[in-house]
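The values are calculated or read from the model by the stated rules, or taken from the named source; none is laboratory data. Treat the numbers as computed from the prediction; the structure is a model and nothing was measured. Cβ coordinates were reconstructed from backbone atoms using ideal geometry, including for glycine residues, and neighbour counts include every protein chain displayed.
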């Protein structure tokens, strides 16, 4: 990888459930998906039904409980986990339902055009941890003449093969992770579904549906075309709300103004973080924990620093401290799995990071309180922040004022996703599409007023509420849009 920062196995899943990507479907969602699957079915027809990732037989159970299919309809299930296959076989035997239980890798099985109905929750395995990725790519290319993008997560392969395994006019219903809406491989998957299926339905789930797994998901239904032809994909709304200001004159996206970038990912944060006393011994002033930042400004007294080395000619005092820490880590291996993995895999470069980024304004993308953009004079920042590169012709404090206005805070919340328990997160691709008042398009006097208000946020933190009220009022006067009237704002959560 770039900057001598190779991929480590430090974060690779280690328990069986995570390796296999097992995230089980709640029964209420399984019931809804089964209703979608069987809505045009009847008990007088014998169907061939497939669940290619059966887990604890959630979908077969929902299908039988629906009372719609006949006992002679055959349900085929597949699972790579032998224990799941055994549980499912035992359950089927107790129900007297025609069935076929297979303990295998579904992607290896030959089942072309065999099934009337397919329902599934595919494994959730990131492409970085696909041990058989090259094998799967070659298999789909050689067997089906389909080039699946190399960045695809495992569920993409399952969706594609399931559609292949449907009979013409057969129906599939699946639930998949929301990354299909925002990635290159997701756009490829949309095109594939678009080409091969008709009568597509997309059902966005408003909250994370899986227990102990903070991901959003979408249910997709489609009917396989007897032949190919164009059709429009009725995509789900990507966010809980859409941009409030995308069509406003004088507003621009954060991406077009600032080109935001994510901060530095530490190989193991607690290992490399240190206090400011080490700055005099070669440590780098650093920002990691948003809870340590008060107000809208990172002062020189901020208590965080990091032991960063970007090449082998680093300050020897930093190297000495890192060597001391790695020896201490060896005494507690169960608490230092990540850094010891780097140490064992890369003995000559285990402590090396890319050059850390710097940005005058930073933003933490986990939101439990009002979104806050922070003036950062001189510190590197970690990967839980986005950094904004301020153009030379735009005063930084004018930008700080605009970015902390209530209108921008509401825009950020509108494009963010709930993580549960009052926590929100805005991904970088979402953050880039936040539309804000474009300071570069304002009059000189307006910019100067905002510049003064931005300085007030930094210099008079006790008066920040009054300052933000002045910022909101000024932005409303500049643009005149009724939607910017501070009296009509929905106040962001505090």
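If you scan segment 98-148, which residues turn out to be more than 17 Å from residue 165 (Cα to Cα), modelled with pLDDT under 90 and not in a loop (DSSP other than H, G, I, E, B)?
If the condition is that a residue be more than 17 Å from residue 165 (Cα to Cα), modelled with pLDDT under 90 and not in a loop (DSSP other than H, G, I, E, B), then 127, 128, 129, 133, 134, 135, 137, 138 are the ones that fit.
So residue 52 fits all but one of (1) within 22 Å of residue 186 (Cα to Cα); (2) exposed (fewer than 15 other Cβ atoms within 10 Å of the Cβ); (3) touching a helix residue (DSSP H, G or I) at 6+ places or on another chain (Cβ under 8 Å); what number is the exception?
(2)
Residues in segment 341-392 that are part of a helix (DSSP H, G or I) and within 25 Å of residue 276 (Cα to Cα): how many? Can you show your working first?
In the first step, residues of segment 341-392 are kept if they are part of a helix (DSSP H, G or I); the result is 341-345.
Checking which are within 25 Å of residue 276 (Cα to Cα) leaves us with none.
The total comes to 0.
Which one is nearest to residue 370 (Cα to Cα), of the residues in segment 278-299 that are without any contact (Cβ under 8 Å) to a residue 24 or more places away in the chain and in a loop (DSSP other than H, G, I, E, B)? Outline the logic, then answer.
We begin by selecting, within segment 278-299, every residue without any contact (Cβ under 8 Å) to a residue 24 or more places away in the chain; these are 280, 289, 291-292, 299.
Within this subset, residues satisfying the condition of being in a loop (DSSP other than H, G, I, E, B) are 289, 299.
Values: 289: 16, 299: 21 Å.
Among them, the one singled out is 289.
So if I check each of 292, 267, which one is under 28 Å from the mean Cα position of the chain (by Cα), surrounded by fewer than 17 Cβ atoms within 10 Å (Cβ to Cβ) and modelled with pLDDT under 95?
Working: 267 fails: surrounded by fewer than 17 Cβ atoms within 10 Å (Cβ to Cβ).
Residue meeting the stated conditions: 292.
Here is a check on your reading of the model: is residue 169 assigned to a strand (DSSP E or B) and either over 19 Å from residue 80 (Cα atoms) or free of Cβ contacts under 8 Å to residues at least 24 places away in the same chain (or both)? Walk me through it before giving the result.
Values: assigned to a strand (DSSP E or B): yes; either over 19 Å from residue 80 (Cα atoms) or free of Cβ contacts under 8 Å to residues at least 24 places away in the same chain (or both): yes.
So residue 169 fits the description; yes.
Collect the residues in segment 56-72 that are surrounded by fewer than 24 Cβ atoms within 10 Å (Cβ to Cβ) and either under 21 Å from residue 161 (Cα atoms) or outside the structural domain of residue 205 (by TED's automatic domain parsing) (or both), keeping them in residue-number order.
Passing the criteria: only 58.
Only strands (runs of 3 or more DSSP E) wholly contained in segment 416-494 count here; list those with 1 or more residues that are out of contact with any strand residue (DSSP E or B) (no Cβ under 7 Å at 6 or more places or on another chain). Steps first, answer last, please.
Details: elements: 417-420, 423-425, 435-437.
So the answer is 417-420.
Confirm whether residue 484 is more than 15 Å from residue 411 (Cα to Cα) and either in the same structural domain as residue 407 (by TED's automatic domain parsing) or touching a helix residue (DSSP H, G or I) at 6+ places or on another chain (Cβ under 8 Å) (or both).
Here the answer is no, as residue 484 does not meet what is asked.
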